[in-house]
Amino acid sequence: MTSKLIAIMQRILLDPGKLGHVPMSIDYVACVDSQTLKPAETFERPVTCCIAARVGSTRLIDNITIS
C-alpha cells in the first residue's frame, strides 16, 4: 500500500500542472513508521511521509504524519 502512495507522491511532484514545467528532481520520497522510522508496509500505526526534492539549486525537505 505504501509503495502506491509513494508512486502517487512522485507523480504529483513531477507533474508540470497548469503553470508549466519547473525544473525539479526528487532526492527521495519515503513513508516510514513514525516511531521506528523503518519503511511502513501498512497504515495500522501513524506513518510519516518524507520528501526531499530540488527545485533549481534549492533543496526542499518536508514531511507529514498521517494518523
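What follows draws every value from the coordinates through simple rules; no lab data is involved. Predicted, not measured: the structure shown is a model, and the values here were computed from it. Quick reminder, even Gly has a Cβ in these numbers, built from the backbone with ideal geometry, and neighbours come from all protein chains shown.
Listing for the model above:
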{"read-out": "Every pair of residues 6+ apart whose Cβ atoms lie under 8 Å, when the first sits in region 22-38 and is without any contact (Cβ under 8 Å) to a residue 24 or more places away in the chain while the second is in a strand (DSSP E or B) and of a type in the set (S, T, N, Q)", "value": "Val32/Thr48; Asp33/Thr48; Leu37/Thr48"}
{"read-out": "Residue match in region 2-23 (condition: part of a loop (DSSP other than H, G, I, E, B) and polar (S, T, N, Q))", "value": "no"}
{"read-out": "Among the candidates Arg54, Arg11, residue that is among the basic types (Lys, Arg) and either in contact with a strand residue (DSSP E or B) (Cβ under 7 Å, 6 or more places away or on another chain) or surrounded by 10 or more Cβ atoms within 10 Å (Cβ to Cβ) (or both)", "value": "Arg54"}
{"read-out": "Pairs where the first residue, in region 44-62, is closer than 20 Å to Ala7 by Cβ and the second is small (Gly, Ala, Ser) and part of a loop (DSSP other than H, G, I, E, B), C-beta under 9 Å, 6+ apart", "value": "Val47/Ser34; Val47/Ala40; Val47/Ser67; Thr48/Ser34; Thr48/Ala40; Cys49/Ala40"}
{"read-out": "Residue within region 38-46 that is surrounded by 11 or more Cβ atoms within 10 Å (Cβ to Cβ), assigned to a strand (DSSP E or B) and out of contact with any Asp or Glu (no Cβ under 6 Å at 6 or more places or on another chain) present", "value": "yes"}
